[in-house]
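In what follows, a structure is listed as structure tokens, so that the remarks can point back to it.
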There are 2 protein chains.
Amino acid sequence: MKRIVTISREFGSGGRTVGKLVAQKLGWPCYDKELVFKIAERSGFDISFIQENGEYAFSRNSFLFDLSAHGGVSTGTLSLYDQLYIVQHNIITELAEKECCVIVGRCADYILKDRDDCLHTFIHAAPAFRAERIVSQYGERTDAPEKRLKDKDGRRKTYYKHYTGRAWGQMQNYHICLDSGAIGVEECAELIAGVAKR
Amino acid sequence: MKRIVTISREFGSGGRTVGKLVAQKLGWPCYDKELVFKIAERSGFDISFIQENGEYAFSRNSFLFDLSAHGGVSTGTLSLYDQLYIVQHNIITELAEKECCVIVGRCADYILKDRDDCLHTFIHAAPAFRAERIVSQYGERTDAPEKRLKDKDGRRKTYYKHYTGRAWGQMQNYHICLDSGAIGVEECAELIAGVAKR
């Protein structure tokens, strides 16, 4: 029996939905947006800043990237990005100590890697499946869906590597990796909840 | 419902046993050693040559490597290694066409990648779990178990890359990847058989 399930995921794979369903099946809270609120409360950072920078390397087009690159928004020796990571890290560690839960994204697999009561999972899918899914979930954008997938996963990869030192999406770092396009989002949740319960 | 399950695996992860158990649960044949016999029958190659070279890049210490490097054992334009790969490829393709089955190793995931009736799986585990397992299964050797794991997986990786052009052990190439050390060998088989049946 595990106490914590972490869900890492490729953009558009439905990992967030899998997380919600796993939590429902286990009767546990799911920390996804809820984690953003907790981080905002503790750090004073704006919700949109956390959503944009809490698991994505900053975009080179952003104003904050320019400032940060020139040291303009550092507070003491830590950049805002590093401060955000530390707050996230602490909240995730505390949650795992306190209660059974599902945590989506935000390097939780790495932060909790030394606990043996965690089940670490990764959800991925073929680009075509994900491209269709992001258009139906988040609507059309100026950029083609394939480009959006590439950009978003590229920024997750860079963020993960920067803060954990590990390559993102290596199967060896997860107990279960599932292709949600082939297996089905609902089925992925059922499998993961089943393993967590045993 | 799938008709074929392929099992790829890190050395010592118990992937072979998982394959056998999945086959038992589904009432299907499991092609592992049985595949070697079929290849021997068709190709005339020696069993030990097939076992040593059918999914491992050749060892630089071997006599055949020297000969092959100098073109000494080529028949026409194909080396013995390439001939072996082609026979394996053809037998795996024919088996998939003919019957429901479980196939362990030998790039079957790649060879059958375009069929939509296959479930492609990968079994891995932490080095400590695998090291202990190979000593209990295959006994002690002069080389330390950690070295044996590294050598064997290194040769699988090189072989796979050479014949498929893909990197070995990328989760995106599999529908399910499981850590047998964390989840248990029997449990892995149950999960895979369950998904194949649905």
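Observations
- Of all beta bridges that DSSP places with both ends in chain B, some 5 percent have antiparallel geometry.
- Isolated cysteines in chain A, defined as those with no second cysteine Cβ under 4.7 Å, comprise A:CYS30, A:CYS100, A:CYS101, A:CYS107, A:CYS118, A:CYS188.
- Other copies of B:ASP114: label-to-label distances in nm, shortest first, labels 7 Å along the beta-carbon direction: 5.0
- When Rg and the Kirkwood radius Rh are both evaluated on Cα atoms of the protein assembly as shown, their ratio Rg/Rh stands at 1.02.
- Compactness index (Cα Rg / 2.2 N^0.38 Å), the stretch B:76-168: 1.29
- Reachable lysines, given that their alpha-carbon falls under 17 Å from the alpha-carbon of A:LYS150 and they are not under 8 places away in the same chain: A:LYS161
- For A:MET171, net neighbour charge (Lys/Arg +1, Asp/Glu -1) across residues whose Cβ lies under 11 Å away: -2
- FRET E, pair B:ILE47, A:ALA167, Förster distance 51 Å, beta-carbon r, rounded to 0.05: 0.85
- Legend: residue pairs A:LYS25/A:LYS197; B:LYS25/B:LYS197; A:LYS20/B:LYS25; B:LYS98/B:LYS157; B:LYS38/B:LYS197; A:LYS2/A:LYS33, Cα-Cα distance threshold 19 Å; pairs beyond threshold, A:LYS20/B:LYS25; B:LYS98/B:LYS157; B:LYS38/B:LYS197; A:LYS2/A:LYS33.
- Helix-only mean residue ellipticity at 222 nm for chain A, each DSSP H run of n ≥ 4 adding -39500 (n - 2.57), per residue, nearest 500: -16500 deg cm²/dmol
- Applying the Kirkwood pairwise sum to the alpha-carbon positions of chain A produces a hydrodynamic radius of 17.3 angstrom.
- Modelled this way, with points 7 Å down the Cα-to-C-beta line, the labels at B:GLU140 and A:VAL135 are 6.3 nm from one another.
- Each residue of the stretch A:93-109 was assigned a 3J(HN,Hα) from its phi angle through the Karplus curve 6.51 cos²θ - 1.76 cosθ + 1.60 (θ = phi - 60°); the sequence is 4, 5, 4, 4, 6, 8, 8, 5, 6, 10, 10, 9, x, 6, 6, 4, 4 Hz, with glycine and proline shown as x.
- Taking other C-beta atoms within 10 Å as the exposure proxy, A:VAL102, A:VAL22, B:VAL185, A:VAL36 rank A:VAL36, B:VAL185, A:VAL22, A:VAL102 from fewest upward.
- For the residues A:LYS38, A:LYS98, A:LYS161, a GNM of chain A with alpha-carbon springs under 10 Å puts the largest fluctuation on A:LYS98.
- Interatomic Cα distance distribution for the stretch A:122-187, bins of 10 angstrom, percent: 19, 44, 33, 5
Each reported figure results from applying straightforward, stated rules to the coordinates on display, with no laboratory input. These numbers were taken from a predicted model, which means no experiment stands behind them. Cβ: placed from backbone, ideal geometry, glycine included. Neighbour counts: every protein chain shown.
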